[in-house]
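Take a look at the structure below.
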Amino acid sequence: MTKSKKKKRKKKLNWINFLLIFIFVVILAVATYFIINNRIDISIYPREKKEKVETIEIEQKISVDDVILEAIKNMGIPENLYKHKVRKDAIYIYIGLNKDEIDLNLANAIITGKIESIGGKIISGNETRTGFKQELEFIDPFDSQKYIIKLYYATEGSYKKKKPQLAIVVDDFGYFKGELLNDFCQIKQPITFAILPDETHSRTAMLKANDTNHETIIHIPMEPMSYPKNNPGKNAIYVHLSKKEIIKRMEGYIKKLPLCIGANNHMGSLVTTDEDIMKIVLEVLKRHEMFFIDSRTTTSSVAYSTAQRMMIPSFENNFFLDSPNISDKTFNMKIEKLKKLSAKDKVLIITHCSNRNKLNYLKRFIAKAEKLGFEIVPVSKLFEYSLPEIP
């Protein structure tokens with residue numbers, strides 16, 4: 001073999017070797033990639049076969065007993081006024097109601113709704129002539145057990161009487177800060193601070209009240225009948241203002257006092273008699289989901305009735321605590337007035353924060369009110385109702 005042929009053959013072998021090495025490297029790289037990405041199972045152990053595990057849901061049957069107990073709990077019936085007796089003909093259930101909290105017809109509707117929601121069938125429903133008792137007969141849908149439920153009004157004293165609620169609004173915060181504001185904030189009972197929106201210390205009052213767990217509301221300055229002799233203050237609501245301007249001012253109050261959850265009127269003996277103006281004011285409050293308190297600075301006010309028609313949570317002032325003064329004679333007169341209101345479930349009064357004498361007067365009144373059996377509550381609690389739902 002000639003030298004040139006040997007050289008050509010050697011070159012060919014080198015090229016083949018290079019190609020084989022290149023193919024090997026490519027295969028190795030691909031294999032490594034798949035191994036890293038779990039594409040190839042290199043385990044020496046056989047792969048376990050995964051079997052789909054089927055879960056079987058066991059239907060839990062809810063009996064008539066269960067839903068009756070739920071209804072009783074929702075209605076706040078104490079254990080001593082719920083009796084359960086098993087007899088040959090039926091299971092008898094006796095339920096005593098507090099007539100001040102819930103009437104027979106509503107209790108009937110709640111229990112009937114609960115039982116029918118699980119397929120229970122009513123057999124009959126009878127009411128005694130006196131109207132103090134109703135009798136219902138049901139069949140349990142699962143075991144055909146017959147139930148006879150007797151609803152009646154419990155005797156007086158069977159229920160622990162709830163304390164009447166007293167909300168106290170303290171007007172005119174925003175004029176001052178310092179020790180007097182701190183001392184109002186330190187009142188342990190949950191009084192409600194009504195804050196004027198455009199005064200020097202309005203924001204300070206809002207923040208300090210919030211830090212000490214007192215509710216705050218906007219004390220909306222409104223035009224009185226005696227204007228301009230009596231000035232409602234900066235940026236007030238006047239009857240001559242346009243709708244656009246009233247909305248602008250209301251939105252401004254809310255922006256400046258963002259922690260406030262409701263509002264009442266400062267002065268406003270003229271504005272609160274104007275239904276058209278009040279509708280504009282109340283529409284803004286409703287849009288922000290805020291409640292309204294009519295301070296009742298005039299007996300001609302339509303503010304509360306308008307708010308009620310607009311479906312806005314609202315209440316009206318029962319009396320001013322510090323009017324006409326804070327003498328002992330006035331104090332005794334206000335306590336007598338409060339006693340007469342004790343038959344009501346909810347009472348609201350208004351006082352002012354202008355000096356330390358009024359602070360001490362308020363503390364003295366709170367102590368007396370609690371001795372009379374009142375529970376001091378924030379205004380928002382007056383709008384809470386705990387009626388159970390009917391399915």
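Step by step: first the residues of the range 77-91, then only those that are loosely packed, with under 15 Cβ neighbours inside 10 Å and touching a residue at least 40 places away in the same chain (Cβ under 8 Å), then the one that is nearest to LYS344 (Cα to Cα). Which residue is that?
Among those that are loosely packed, with under 15 Cβ neighbours inside 10 Å and touching a residue at least 40 places away in the same chain (Cβ under 8 Å), it is PRO78.
Can you confirm whether ILE149 is at pLDDT 85 or above and either in contact with a Lys or Arg (Cβ under 8 Å, 6 or more places away or on another chain) or surrounded by fewer than 19 Cβ atoms within 10 Å (Cβ to Cβ) (or both)?
no
Residues to consider are SER314, SER295, SER300, SER342; find the one that is over 20 Å from VAL170 (Cα atoms), hydroxyl-bearing (Ser, Thr, Tyr) and under 28 Å from the mean Cα position of the chain (by Cα).
Going through SER314, SER295, SER300, SER342 in turn, just one is over 20 Å from VAL170 (Cα atoms), hydroxyl-bearing (Ser, Thr, Tyr) and under 28 Å from the mean Cα position of the chain (by Cα): SER342.
If only one of ILE195, ILE220, ILE246 is at pLDDT 95 or above, in contact with a helix residue (DSSP H, G or I) (Cβ under 6 Å, 6 or more places away or on another chain), farther than 25 Å from ARG356 by Cβ and assigned by TED's automatic domain parsing to the domain that holds VAL379, which one is it?
ILE246
Got a sec? Which of LEU207, LEU181 is in contact with a Phe, Trp or Tyr (Cβ under 8 Å, 6 or more places away or on another chain), assigned to a helix (DSSP H, G or I) and surrounded by fewer than 23 Cβ atoms within 10 Å (Cβ to Cβ)?
It is LEU181.
Test of understanding: among PRO221, PRO197, which residue is closer than 22 Å to ASN317 by Cα, touching a residue at least 60 places away in the same chain (Cβ under 8 Å) and surrounded by 15 or more Cβ atoms within 10 Å (Cβ to Cβ)?
The conditions single out PRO197.
Only one residue in TYR238, TYR159 is at pLDDT 95 or above and of a type outside the set (A, V, I, L, M, F, W, C), so which one is that?
Only one candidate qualifies: TYR238.
Would you confirm whether any residue within the range 253-265 is farther than 26 Å from ILE366 by Cα and among the small types (Gly, Ala, Ser)?
Among the residues of the range 253-265, not one is farther than 26 Å from ILE366 by Cα and among the small types (Gly, Ala, Ser), which makes the answer no.
Yes or no, residue by residue, for (1) of a type outside the set (Ser, Thr, Tyr); (2) under 27 Å from ILE261 (Cα atoms); (3) assigned to a helix (DSSP H, G or I); (4) at pLDDT 95 or above:
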{"residue": "ASP322", "(1), (2), (3), (4)": "yes, yes, no, yes"}
{"residue": "MET333", "(1), (2), (3), (4)": "yes, no, yes, yes"}
{"residue": "GLU336", "(1), (2), (3), (4)": "yes, no, yes, yes"}
{"residue": "LYS339", "(1), (2), (3), (4)": "yes, no, yes, yes"}
{"residue": "ILE349", "(1), (2), (3), (4)": "yes, yes, no, yes"}
{"residue": "TYR361", "(1), (2), (3), (4)": "no, yes, yes, yes"}
{"residue": "ALA369", "(1), (2), (3), (4)": "yes, yes, yes, yes"}
{"residue": "ILE376", "(1), (2), (3), (4)": "yes, yes, no, yes"}
{"residue": "PRO388", "(1), (2), (3), (4)": "yes, yes, no, no"}
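Looking at (1) over 25 Å from the mean Cα position of the chain (by Cα); (2) in a helix (DSSP H, G or I), can you tell me which one THR200 breaks?
THR200 satisfies every listed condition except (2).
Are any of the residues in the range 129-137 part of a strand (DSSP E or B) and touching a Ser or Thr at 6+ places or on another chain (Cβ under 6 Å)?
Among the residues of the range 129-137, at least one is part of a strand (DSSP E or B) and touching a Ser or Thr at 6+ places or on another chain (Cβ under 6 Å), which makes the answer yes.
The values are calculated or read from the model by the stated rules, or taken from the named source; none is laboratory data. These figures come from a predicted structure and were not determined experimentally. In this analysis, Cβ positions are derived from the backbone assuming ideal geometry, glycine residues included, and neighbour counts consider all displayed protein chains.
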